[in-house]
Structure formats: structure tokens, C-alpha cells
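All remarks here apply to the structure that follows.
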Amino acid sequence: MTLFAPSDGPRVFGLPPGVDFARALIAGLDARLEGAAPEALARVELWVNTQRARRTLIAAYTRGAARLLPRIRLVTELAADPLAGPDLPPAASALGRRLELARLVGALLRADPGLAAETAAFDLADSLAELLDEMQGEGVAPAALAGLDPAEHAEHWRRSLRFLAILRDYAVASPPTEGQARLRVAAAAWADAWAAAPPAHPVIVAGSTGSRGATRAFMAAVARLPQGALVLPGFDAEMPAAVWARLGADHAGASDHPQGAFRRLADGLGFDPAAVAPWLDLAPPSPARNRLVSLALRPAPVTDQWRAAGAVLAPGLGAAMAEVVWIEADSPRAEARALALRLRQAAEDGVRAALVTPDRELARRVTAELARWRLRPDDSAGRPLALTPPGVLLCRLADLATGPLTPEGLLALLKHPLTSSGAADRRGHRDLTARLETRHLRGGSPEIDWTALAAWAAAEGPDAAAWIAWITGALAPLQAAGPATLAVRVARHRAAAEAVAAGVTGGPHALWHLEAGAQAGALLDALAAEAPAFGPIGARDWHALLAALLAARDVPEDAVVTHPTIAIWGTLEARVQSADLVLLGGLNEGVWPRLPGPDPWLSRRLRRELGLPSPERVIGLAAHDFQQAMAAPRVVLSRATRDAEAPTVPSRWLLRLENLLSGLGPEGEAALRSARARGAALLAVAARLDRPEAFDLANPVWIEDEDIDLDYHIRHTVLPAPGTQAQLEALAA
């Protein structure tokens with residue numbers, strides 16, 4: 001089966017920012033398969049990088065005529081395929097590796113306390129695990145650390161190199177069986193198998209930037225197949241060849257450029273990025289805005305070209321910014337309220353809209369604001385397990401072992417919705433909790449006196465005595481003094497959580513129900529299974545470990561009715577999805593882009609000597625996400641000028657766009673002024689949502705803008721729209 005013409009080099013195609021990636025990918029396949037047998041599409045093998053991308057492609061196919069689908073697979077599933085080879089060992093546990101490294105780090109800190117505080121063992125183990133994963137994914141053997149000469153570096157880095165000897169010893173004792181190392185081994189196995197027997201069917205990797213070494217190795221193998229190809233998302237084909245040349249590894253500003261990942265991919269695979277062919281002859285929604293954003297984001301050393309290149313764009317700046325709303329709110333709450341109102345209007349109009357932000361706090365604020373209209377967006381990220389009811393209960397129980405129990409802590413535990421969820425008399429539990437609070441705890445000792453508590457219960461009656469005995473028996477094991485093994489800690493914690501949830505009667509409880517409960521139980525199971533990798537652990541270390549593990553897991557929301565046209569996406573999910581209206585929220589430095597944290601182990605020079613990428617690579621990936629989102633048909637840019645503590649700094653991309661527009665004469669200034677006026681108008685309407693008494697329905701006020709109608713919002717946004725909930729329930733049915 002022939003889908004592509006023969007090629008001497010790697011076969012690479014690009015799709016411009018702003019196009020609907022899934023539809024364009026399908027349209028390009030259909031064009032190449034025109035006239036082929038119906039089963040030809042089923043022979044095509046598509047590799048994507050996220051589960052959501054796979055679901056998006058399947059949904060796009062099912063919206064069309066009935067036909068066979070291609071094989072859509074995940075790059076992360078490389079190691080699960082038999083083609084990866086029988087010699088690939090079973091996947092190891094990431095949690096087990098973390099615990100083993102924490103044990104080694106703890107032993108080193110006890111032997112040399114001057115290196116770091118002993119309480120930092122888990123944090124240091126996390127950063128070591130991330131460094132090891134990155135090195136193995138990039139194909140850098142941990143043994144290469146021995147080749148670094150510490151005499152040429154500052155004392156801090158010499159000490160860190162001695163510390164990194166842990167990685168060398170651990171890597172020798174533990175073969176690469178998980179994470180990026182496992183993916184790289186699997187990618188090499190696929191490449192060897194294909195070199196011996198190239199597949200006759202088309203193989204396509206679509207939607208990946210190749211930013212990780214293991215993925216890049218797999219993409220290199222696919223691109224050289226007789227019928228293999230790469231389809232790059234958000235590829236800026238109009239960028240001049242001279243700018244591509246400035247993105248080389250030896251030039252400043254390359255790492256944090258949105259197209260920098262593609263330049264690194266081109267260097268690794270050996271193709272000219274300036275000559276990448278389009279996957280489909282398809283124009284983006286706003287070519288003028290794409291050119292404007294591309295110019296604004298050019299590497300800093302070539303921004304002297306702004307005046308010359310910008311003069312060509314000046315006549316079309318009004319059209320480029322016509323569908324852009326620029327919001328600068330005075331607080332995070334005001335920002336969330338304005339974004340929610342714009343999503344509310346999109347829902348009313350039936351417009352497909354998505355909020356794209358890496359700021360989960362902003363996403364939760366917007367979700368809460370949408371609740372006033374009984375709208376529930378489709379949120380791709382869910383909630384951290386630590387913020388779910390089971391996670392909160394487990395954390396509260398872990399607090400008990402770190403110090404004396406206070407009345408506030410006891411009441412928070414007793415009033416938790418999962419406490420006594422298995423008791424037949426839930427009302428009795430609530431009544432006794434209220435009596436305990438009002439008659440004994442208020443105005444009493446700052447710490448719980450269990451003897452006095454038992455005496456109070458005996459005076460209240462047999463029900464209260466049995467109830468206090470249940471509480472005491474459930475919590476007593478957690479307050480046992482002295483260190484214990486990790487296995488004992490996990491067993492005690494699970495037993496206490498189940499006893500608290502079961503209540504006095506000890507009946508079936510709801511602690512492990514729903515997705516959050518199942519994941520919390522699975523986490524404790526994994527800790528129990530990997531406990532032999534760690535020795536004795538103190539109460540505070542146990543609390544820190546459990547809290548970190550709970551915060552690191554995201555739980556999808558339980559089955560709820562979500563609105564079919566409004567969504568909240570993370571930046572990764574937004575790469576291969578499209579919407580008619582895209583809201584870019586949280587555009588402040590430190591949020592979007594999130595700055596790379598300080599590397600405690602390797603300086604930039606040491607990373608360069610090892611062959612590791614610059615830490616600014618993550619900023620380049622975030623810039624690529626920004627460039628793609630900015631290319632949507634209609635865009636809202638938003639930031640809060642202050643957070644809870646201090647004024648904020650605008651995202652570097654907003655500053656570049658502002659500076660470029662301000663320097664392009666009256667056309668640029670007018671375009672920027674209009675975008676900000678639309679944002680100010682939206683903020684004004686949103687602010688009135690909390691002051692409905694200020695509306696004068698007899699004298700409606702109009703804003704002269706086709707997108708924002710104040711009278712419309714007075715009538716439609718203060719109260720829930722009629723029929724909205726009924727429509728959602730009908731869709732769910």
C-alpha cells in the first residue's frame with residue numbers, strides 16, 4: 001500500500017497553528033487515499049501522544065460517514081507491544097524507585113549532615129528521579145557523570161557531583177525498566193525490527209513535537225520508513241530560513257522559542273525545517289494574526305527586524321486583532337468572573353469554546369463562577385487527589401501523628417462527609433458532634449484531653465460514651481510514639497481511615513467509593529507493596545510523603561453532566577484540539593510560562609557537557625502552546641494584575657505583542673487599544689454580575705461592539721438561562 005512518494009530523507013509534514021488538527025489530519029489522509037479500497041484506511045497506523053488526542057480523532061471520524069478506522073495508538077504504549085521485543089523486562093514501579101532513592105539519600109544525609117537537612121530526603125529523591133529519567137530518555141548514561149571534572153566548577157557543584165554518585169550506583173543496580181528509559185529501549189527495539197523488515201502499511205506519528213529524547217528516537221525511526229511520516233502540529237511554515245538558522249543550538253534565544261523543538265528535531269533527523277511540506281493545503285483562520293504572533297515571538301537577537309518586517313504587516317493589523325479581547329483584571333477573582341461570563345455567552349450562542357490555562361487554581365475559579373448558571377465545563381484535568389474527600393480525610397489523619405490533636409483538628413475530622421459514612425444513624429453522629437463542640441470543646445483546652453473527653457461522654461450518657469470510645473480506638477494507633485516501618489505506617493493509616501469511615505456500628509462505608517476513593521485505595525496498596533524498599537520512617541516524614549503523593553495524582557471528576565460546547569483544557573490537551581473561541585487564562589510570568597525551577601544538581605554548563613537540553617526548553621514548549629492557541633478564530637487573552645500577595649508581571653509573550661503593536665505606528669496602536677477596550681467592557685459587565693441591584697432595566701445601556709452587548713447580559717446572565725439545565729439533562733439521557 002503506497003501513501004507517500006519515495007523520499008531520500010525523513011518524511012516530515014507540518015500543519016499551521018490554528019487549524020483543526022484532527023480534521024486536517026483526517027482530510028489529508030482522505031486526500032491521499034482517494035480512490036483506494038475502503039479497507040485501505042484500516043491499514044494506516046497512527047501514533048499520537050495523548051489519550052485525549054486519540055479520543056478526539058475517533059470522535060472526528062465518527063462524525064462523518066460510516067467507515068473503517070485507522071489503528072490509532074499511543075506513543076506511551078510502545079513498550080506494551082510485542083514488537084518491542086521479548087527481552088524487555090516488565091515495567092518497574094516509579095514509586096518503588098522513588099522510595100529506593102529516598103532511602104539512599106537519607107543514608108547519605110545521615111553520614112554527612114552538612115549536605116542537606118535530613119527532612120529533605122524525599123524532595124531530593126524526587127529531583128534525582130527526574131534527573132535520572134531525563135538522562136536516560138536523552139540517551140545519556142549515568143556513568144557519564146564520572147567524566148565531569150569537578151575541579152573546574154564551584155564548590156557547590158563539586159558537592160552535588162559527589163551526591164550524584166547515588167545515581168551511578170543506582171543505575172548499575174537497577175536496569176532501565178520504567179519511564180523515559182523504558183520508552184527509549186522500546187523505541188530502539190522498534191527501529192531494529194523495522195530495519196530488518198520494514199512495514200508495508202503507512203505509519204504516521206501525528207501531533208508530537210519530539211521534545212523528549214525517547215519520543216524523538218521513535219519519530220526518527222518512523223520518518224525513515226518507506227511509508228512513514230511525521231505530521232507536526234503548529235508548524236510555522238512562513239518563518240524565514242534566516243530565523244530557522246538562528247534557532248540552532250549555538251544561538252541565544254533558541255531554547256525558549258515556540259519553534260525551537262522543531263529545530264532540535266530537524267537537527268536530530270537531518271531535514272531542513274524551512275523546506276517542510278504542508279500536510280494539507282489549508283489556510284489558518286487568521287493568517288494575518290499568525291504572521292503577527294510569529295514576528296512577535298522571534299528570538300530576542302533578531303527583534304531588530306520588527307520595524308522592517310512589521311511595516312509589511314501594518315495595513316492588516318486591524319484585521320489581525322479584530323477577534324482578540326485583551327483582559328487585564330485587577331484580581332484573580334475578577335479575571336475568573338470575566339472568563340466565565342465569556343464562556344457563558346458562548347454556551348448561549350452554541351459556540352465551541354475552551355479555556356486553555358496551566359493554572360489549575362484559575363480553572364477551579366472559573367468552574368465555580370460558571371456554577372451560578374448551572375453550567376459545568378468539560379475539565380480535562382480533574383482535581384488533585386489531595387483535594388478530594390478521601391484525600392482530605394487521609395491527610396487529616398496523617399496530621400494526628402505530627403503533634404497534639406487540637407479541638408479544631410478533631411472537629412474537622414468529625415465533620416468530614418466520609419466520617420461515619422457507614423453508620424446506620426448518621427444523624428446521631430452529627431448530633432453528638434454538635435454537642436461535643438458546644439458543651440465541651442468551646443473555651444476549653446487548646447489540646448484534646450482524652451481523659452476529660454471520656455469523663456464528659458460518661459456524663460452525657462451511654463450513646464456518647466460508646467461514640468467517644470469509637471473515636472479514641474480509631475485514632476489511638478496513629479498517635480503511637482516512635483518510628484515505625486513504612487509497611488506499619490501504611491497498615492495503621494488504612495485501618496484508622498476505615499474505622500473512622502465505618503462509624504460506631506462498623507458497617508460498610510463510602511471511603512473507597514467512586515474514582516477518588518478507588519485511586520486513594522490504590523495509592524495505599526502501592527505503598528504497601530513497595531514498603532520493603534524503605535526502612536523506618538518518622539511521623540513527619542510519613543505525613544510529607546503521603547501529602548506529596550496525594551497532590552501528585554489528578555482524579556477525573558465523577559460522572560457529571562457537562563456542557564457539550566464549553567471546556568477547560570491544559571496546554572498539552574490543547575495542542576491537537578480546536579475551538580471557535582479560545583480563552584488564554586493566567587498569562588503572567590511564573591504561571592504561563594511557568595519558569596524552570598533551579599536545578600540543585602547540574603549547572604547549565606554541566607548539563608551542556610553531558611548533552612542534556614537547556615532548562616529553558618520547557619518555556620519553548622509553553623510558547624508553542626501559546627502560539628497555537630493565539631491562532632484560533634476568536635481569542636481572549638487574560639491576566640490578573642495582582643495575585644493574593646503582590647503585583648504580577650505580564651507574560652513575556654504579552655509584553656512582546658504589546659511592544660510590537662505599539663511600535664508599528666497608528667495602525668498597531670489602534671489595534672491594541674481596541675483589543676483592550678473590548679476586555680475592559682467585558683470586565684465592566686462581569687463586575688455588575690455581583691451587583692444586580694445596579695441594573696436599570698428601564699434604561700438599558702449598550703456597548704458599541706458586536707461581541708459585547710450589555711443589555712443582552714443584563715437580561716441573560718444575572719439569572720440562569722431558561723431551559724439550560726433541562727437541555728443538559730436531556731443530553732445526558
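Roll a 1.4 Å probe over the protein chains and send me the accessible area per residue for the stretch 546-640 in Å². Mind dumping the intermediate values first?
Working: 3280 Å² over 95 residues.
On a per-residue basis, 34 Å².
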**Q.** Which of Ala371, Ala381, Ser421, positive extreme of dipole for the stretch 311-444 (C-beta unit charges)
**A.** Ser421
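If you roll a 1.4 Å probe over the heavy atoms of the protein chains, what accessible area per residue do you get for the stretch 339-465, in Å²? List each step's numbers first, then the result.
Values: 5470 Å² over 127 residues.
Per residue, the stretch 339-465 has an accessible area of 43 Å².
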Q.
Whole angstrom only: what separates the Cα centroid of the stretch 587-605 from the Cα centroid of the stretch 409-432?
A. 44
Q.
What is the sum of charges, Lys and Arg at +1 and Asp and Glu at -1, for the other residues whose Cβ falls under 11 Å from the Cβ of Pro240?
A. 0
**Q.** Two-decimal log10 I(q)/I(0) for the stretch 318-377, as the Debye equation yields it once each C-alpha is a single scatterer, q = 0.14, 0.23 Å⁻¹
**A.** -0.41, -1.00
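Which translational diffusion coefficient, to the nearest whole µm²/s, is obtained for the stretch 251-294 from the Stokes-Einstein equation, given a Kirkwood hydrodynamic radius over C-alpha pairs, 37 °C and 0.692 mPa s?
On the way: Rh = 12.4 Å.
After rounding, the answer is 265 µm²/s.
Report Rg(Cα)/(2.2 N^0.38 Å) for the stretch 160-285, keeping two decimals.
Values: Rg = 17.7 Å, N = 126, 2.2 N^0.38 = 13.8 Å.
Output field value: 1.28.
Above 15 angstrom, tally the Cα pairs of the stretch 526-565 and express them as a % of all pairs, no decimals. Please list the in-between numbers first.
Details: 481 of 780 pairs.
Tail fraction, whole percent: 62.
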Q) Mind checking the dipole of the chain: about its Cα centre, +1 per Lys or Arg Cβ, -1 per Asp or Glu Cβ, Debye to the nearest 20? A) 400
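Full-extension gain between Ala518 and Ala200, please, as 0.36 nm times their residue separation minus the C-alpha to C-alpha distance.
Values: separation 318, 0.36 × 318 = 114.48 nm, distance 4.33 nm.
Working it through step by step, the gained length comes to 110.2 nm.
Of all accessible surface on the chain at a 1.4 Å probe, what whole percent is carbon and sulfur? Before the final figure, lay out the partial values.
Details: 17410 of 31610 Å².
Here carbon and sulfur together make up 55 percent of the probe-accessible area.
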Q. Taking θ as phi - 60°, what are the ³J(HN,Hα) couplings along the stretch 401-412 by the Karplus curve (6.51, -1.76, 1.60), each to the nearest whole Hz, with x for Gly and Pro?
A. 7, 9, x, x, 7, 9, x, 5, x, 5, 5, 4
(Q) I need the phi-derived Karplus couplings for the stretch 484-492: 6.51 cos²θ - 1.76 cosθ + 1.60, θ = phi - 60°, integer Hz, Gly and Pro marked x. (A) 8, 5, 4, 4, 5, 4, 5, 5, 4
Q: Return one whole number: the accessible area per residue of the stretch 181-298 in Å², for a 1.4 Å probe.
A: 34
Q) Out of Leu313, Ala347, Val324, whose Cα points farthest toward the positive end of the dipole of the stretch 309-354 (charges: +1 Lys, Arg; -1 Asp, Glu; placed on Cβ)? A) Ala347
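Only bridges with both residues in the chain count here: give the DSSP antiparallel percent, nearest 5.
Details: 6 of 42 bridges.
In the chain, approximately 15 percent of DSSP beta bridges are antiparallel ones.
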Q. Dividing the Cα convex hull volume of the stretch 1-151 by residue count, how many Å³ per residue is that?
A. 239
**Q.** Listed peptides 398-404, 234-240 by packing density, highest first (mean Cβ within 10 Å)
**A.** 234-240, 398-404
Q) Which shape class applies to the chain: rounded if a/c is under 1.5, otherwise prolate when a/b exceeds b/c and oblate if not, where a ≥ b ≥ c are the square roots of the Cα gyration tensor eigenvalues? A) oblate
Q: Lys and Arg at +1, Asp and Glu at -1: add these up for the other residues within a Cβ distance under 12 Å of Leu511 and post the number.
A: 0
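Give the value in nm², to one decimal: projected area of the alpha carbon convex hull of the stretch 266-414, averaged over all directions.
Numbers: hull surface 69.4 nm².
That works out to 17.4 nm², a quarter of the Cα hull's surface.
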Q. Considering only the other residues whose Cβ falls under 11 Å of the Cβ of Leu405, what net charge follows from Lys and Arg at +1 and Asp and Glu at -1?
A. -3
Q: Would you mind putting 542-555, 282-295 in packing order, based on average other-beta-carbon counts within 10 Å, highest first?
A: 282-295, 542-555
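Starting with the highest mean, order 93-102, 10-19, 265-274 by the number of other Cβ atoms within 10 Å, averaged over the residues of each peptide. Intermediate values should be presented prior to the final figure.
Working: 93-102: 19.8, 10-19: 23.1, 265-274: 17.3.
For the peptides 93-102, 10-19, 265-274, the packing ranking is 10-19, 93-102, 265-274.
The values are calculated or read from the model by the stated rules, or taken from the named source; none is laboratory data. Keep in mind the model is a prediction, meaning the values are calculated, not measured. We place every Cβ from the backbone using ideal geometry, glycine too, and count neighbours over all the protein chains shown. With ligands, DNA and RNA removed, areas are computed over all heavy atoms of the protein, side chains included. Shrake-Rupley method; radii C 1.70, N 1.55, O 1.52, S 1.80 Å.
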